[in-house]
Amino acid sequence: MSLEDELRSVGRSVVVPPVGDGLTAAVLSRVAGVSVRKRLRDRWRMFLAGFLVLLAGAALTPPVRATVAEWLQIGGVQAEPVGTRPSAAPPPPTAAGNLSLEAAERVAGFTPKLPGALGAPTGVEASKGFLATSWGSVRLEQFQSGIEPRYIKQYYDGLDYVPEISGFWFRTPHQLVLVDNRVVRIAGPTLVWERDGITFRLEGADKGRAVELANGTS
């Protein structure tokens, strides 16, 4: 059942008790003495209250929660819930290039930000609008956010909001789809956040370490 069908069903099930003539007359008399501006303000308040009620109901209904989750886009990454998930993921691929950071900046078209705690990366690769760096098993990707996502993360469950960086932690293995050419690989737990128009993907560290590295990225 779609969200629209659920809302229609709720609307049809609401029972409104009959209103007496005395109450009707009192309300009409009250409205007649209220300014147009106040009526509009009260109408807006009623609309807002109804909208909040719908949001509360949506939070309690699993099909509606799934619909809302489909809308989630974190910078250049779109989170797409699916019915199944991989049982395991290989280590993230290392950045195979040996570019200097200065050369990578010229290719990518923006200045990369790196976790200070990891020192100089052991691998650097870049393309227009994209840059990847590696430190052993840790991989950090950063790319310019756009209207269309660069990646689609097809996850089954395990999506946590991380308030420290206004990002999200994908805590289970999931499919990672590169939108441009539909390349698919299995990604392990990953931290995703956006800052100043750049989307970051940090893979290969546990949640606590990933958040620490993200906070130290500059």
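The values are calculated or read from the model by the stated rules, or taken from the named source; none is laboratory data. Because the structure is predicted, anything quoted here is derived from the model rather than measured. All Cβ positions, even for glycine, are placed from backbone atoms using ideal geometry, and neighbour counts span all protein chains on display. What goes into the accessible areas is simple: the full protein's heavy atoms, side chains included, and nothing from ligands, DNA or RNA. Shrake-Rupley method; radii C 1.70, N 1.55, O 1.52, S 1.80 Å.
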Point-to-point label distance, Arg209-Ala120, nm (Cα→Cβ direction, 7 Å offset): 2.2 nm
Only loop residues by DSSP count here, and only those with at most 16 other Cβ atoms within 10 Å; note down the GluC sites (Glu not before Pro) in the stretch 108-197 that meet that. Glu164
Protection proxy (average C-beta count within 10 Å per residue), highest first, orders 202-212, 82-92, 103-113 as 202-212, 103-113, 82-92
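Checking the a/c ratio against 1.5 first, then a/b against b/c, what shape does the Cα gyration tensor give for the stretch 170-218? Intermediate results must be reported in sequence, preceding the final value.
Values: a/c = 3.26, a/b = 1.36, b/c = 2.40.
Oblate is the answer for the stretch 170-218, as a/c is 1.5 or above yet b/c matches or exceeds a/b.
Going by the alpha-carbon gyration tensor, a ≥ b ≥ c the square roots of its eigenvalues, is the stretch 129-218 rounded (a/c under 1.5) or, if a/c is not under 1.5, prolate (a/b greater than b/c) versus oblate?
Values: a/c = 1.36, a/b = 1.14, b/c = 1.19.
It comes out rounded by the Cα gyration axes.
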Between Glu105 and Val82, the FRET efficiency computed from the C-beta separation at R0 = 41 Å comes out, to the nearest 0.05, as 0.70
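Which whole-number percent gives the relative contact order of the stretch 87-218, counting Cα pairs below 8 Å spaced six or more residues apart? Please report the intermediate quantities before stating the final value.
On the way: 284 pairs, mean separation 33.3, N = 132.
Relative CO of the stretch 87-218 lands at 25 percent.
Count charges around Leu99 for me, please; just the other residues with Cβ under 14 Å from its Cβ, Lys/Arg as +1, Asp/Glu as -1.
Details: positive: Arg106, Lys128; negative: Glu102, Glu105, Glu125.
So the surrounding residues net to -1.
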Provide the FRET efficiency to the nearest 0.05 for the Asn98-Leu72 pair, computing r from the beta carbons and using R0 = 35 Å. 0.45
Solvent exposure, largest accessible area first (probe 1.4 Å, DNA, RNA and ligands not counted), of Ser134, Ser218, Ser127: Ser218, Ser127, Ser134
Quick check: with the 1.4 Å probe, what order do Arg185, Arg201 take by accessible area, largest first? Arg185, Arg201
Roughly speaking, what is the centre-to-centre gap between the stretch 78-141 and the stretch 152-182 when only Cα atoms are used, to the nearest Å? 15 Å
